Amino acid sequence: MTDFTFHHGGVSVPSLDAAIEWYGRVLGFEVEKRFYIEAARSHTAMVRKGPLRFEIFEVEGAAPLPEDRRSVPRDLKTHGNKHVAFRVEDLDAFLAEMEQKGADVAFVVREAFGKGCFIRDCAGNLIEFVEEPGA
């Protein structure tokens, strides 16, 4: 099988400028490049934090995020892509930082198999952060 590696995740948002500001202020991403995708009528930005890339789309005429996609338990009951997840060294320190930055913490999990949380970006998209046991 041909080898491959992860390149980026992506989200659709109502305001590209607001999302660029949020991803920079809350998570420390910086704009790598901005471009327009004619076929999708999308103002787009690729943001980067070290080796991590995230693509943000503001698509002309896009529908808002359905309410069920904003709740982790309800979102899992619908097939399809769910979220992107990032690893953090210390979940409690991350949660304290997110609280200080005013992030919308949607869901926190502390189980024997591990712990993590979901936050909502400025458009309500879910993003997971995981502390791996023994990592």
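The values are calculated or read from the model by the stated rules, or taken from the named source; none is laboratory data. None of these values were measured; they are calculated from a predicted model. Neighbour counts run over all protein chains shown; Cβ positions are idealised from the backbone, glycine included.
Miscellaneous remarks
- Among the candidates ASP104, ASP68, residue that is of a type in the set (Asp, Glu), in the same structural domain as ASP121 (by TED's automatic domain parsing) and touching a residue at least 12 places away in the same chain (Cβ under 8 Å): ASP104
- Complete set of residues in region 44-62 that are among the aliphatic types (A, V, I, L, M) and modelled with pLDDT of 95 or more: ALA45, MET46, VAL47, ILE56, VAL59, ALA62
- Of all the numbered requirements in (1) at pLDDT 95 or above; (2) assigned by TED's automatic domain parsing to the domain that holds ALA106, ARG41 misses one, and that requirement is (2).
- PHE107 under 19 Å from LEU126 (Cβ atoms), crowded, with 16+ Cβ neighbours inside 10 Å, touching a Ser or Thr at 6+ places or on another chain (Cβ under 9 Å) and not β-branched (Val, Ile, Thr): no
- Single residue of VAL31, VAL11 found to be farther than 19 Å from LYS82 by Cα, surrounded by 13 or more Cβ atoms within 10 Å (Cβ to Cβ) and not assigned by TED's automatic domain parsing to the domain that holds ASP121: VAL31
- Tabulated pairs, region 42-64, first touching a residue at least 12 places away in the same chain (Cβ under 8 Å) and of a type in the set (Asp, Glu), second crowded, with 16+ Cβ neighbours inside 10 Å and in a loop (DSSP other than H, G, I, E, B), C-beta under 7 angstrom, 6+ apart or interchain: GLU58/VAL13
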